[in-house]
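Worksheet: the structure to be examined is printed underneath.
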Amino acid sequence: MGEAMKLGEAIQTAIDYETKVLNVYRNASDAISDMVGKRLFQALANDEQYHVDYLKKKLDQWQKTGRLTVEDLKSSNPDIDAITGDIGKLESRMSEEDRGDEKQMLSKALTVEVETSNFYKRMVSEMSEEGQQLFSQFMVIEDGHIAAVQAELDFINSSGYWFDSKEFDME
């Protein structure tokens, strides 16, 4: 095999990455009180849980049969898009403390999503066809997650403006 990483090992590594991301989202969802942020983290956590389950099935299949069938990976990214849309519509009345907490969690989420996405990009460039098919789907979905997290982070970092419309008064 010419690959730097064997497929079974790559899938296990992907499970580790996805589990790490899942835990970040679960903790964030439990810890923050802002409803828009909470819904975003819950949607992302659900997506990651689905990824972990899917990858575990693929690993099991690979270990038992030495073959891999790649089904279309469903994602709740449309929900995430809807939530990101909500970010702009809802008035945020977060306290500075909530805002700081959420900012910290979003930054952490962004870091682990980018790490995970980079891993998938590497696997797509290194793996044989089966691995490429499997990991390229994840690459696309993780990029969607990164965009959603970044949008929420931009909103929280903003001075009360969202797409150039005044969001709340500082009074």
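The values are calculated or read from the model by the stated rules, or taken from the named source; none is laboratory data. Please read these numbers as outputs of a predicted model, since none were measured by experiment. Please note: Cβ atoms are built from the backbone with ideal geometry, for glycine as well, and neighbour counts cover all protein chains shown.
Of all residues assigned to the stretch 135-156, at least one qualifies as being farther than 14 Å from ILE11 by Cα and in contact with a strand residue (DSSP E or B) (Cβ under 9 Å, 6 or more places away or on another chain). Identify, from the list LEU55, LEU110, LEU106, LEU44, the residue that is modelled with pLDDT of 80 or more and touching a Gly at 6+ places or on another chain (Cβ under 9 Å). Result: LEU106 is the single residue among LEU55, LEU110, LEU106, LEU44 that is modelled with pLDDT of 80 or more and touching a Gly at 6+ places or on another chain (Cβ under 9 Å). Scanning the stretch 62-76 for residues that are of a type in the set (S, T, N, Q) and either at pLDDT 95 or above or not in a helix (DSSP H, G or I) (or both) turns up THR69, SER75, SER76. Scanning the stretch 144-171 for residues that are over 19 Å from LYS108 (Cα atoms) and surrounded by 16 or more Cβ atoms within 10 Å (Cβ to Cβ), we see that the one that is modelled with the highest pLDDT is GLU167. Flag: VAL52 does not match the condition of being touching a residue at least 24 places away in the same chain (Cβ under 8 Å), among the β-branched types (Val, Ile, Thr), crowded, with 21+ Cβ neighbours inside 10 Å and in contact with an Asp or Glu (Cβ under 8 Å, 6 or more places away or on another chain). List pairs: first residue in the stretch 115-143 and surrounded by 15 or more Cβ atoms within 10 Å (Cβ to Cβ), second residue hydroxyl-bearing (Ser, Thr, Tyr) and part of a helix (DSSP H, G or I) anywhere in the structure, Cβ distance under 6 angstrom, at least six positions apart or on different chains. From the stretch 115-143, the pairs are THR116/TYR17; PHE119/TYR17; VAL124/SER136; PHE135/TYR120; PHE138/TYR120; MET139/TYR120; GLU142/THR116; GLU142/SER117. Among the residues examined, LYS38 qualifies as part of a helix (DSSP H, G or I) and at pLDDT below 90.
Here is a yes/no grid of residues against (1) touching a Phe, Trp or Tyr at 6+ places or on another chain (Cβ under 6 Å); (2) under 18 Å from ILE141 (Cα atoms); (3) among the aliphatic types (A, V, I, L, M):
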{"site": "THR19", "(1), (2), (3)": "no, yes, no"}
{"site": "VAL24", "(1), (2), (3)": "no, yes, yes"}
{"site": "SER33", "(1), (2), (3)": "no, no, no"}
{"site": "VAL36", "(1), (2), (3)": "no, no, yes"}
{"site": "ASP53", "(1), (2), (3)": "no, yes, no"}
{"site": "LYS57", "(1), (2), (3)": "no, no, no"}
{"site": "GLN61", "(1), (2), (3)": "no, no, no"}
{"site": "LYS64", "(1), (2), (3)": "no, no, no"}
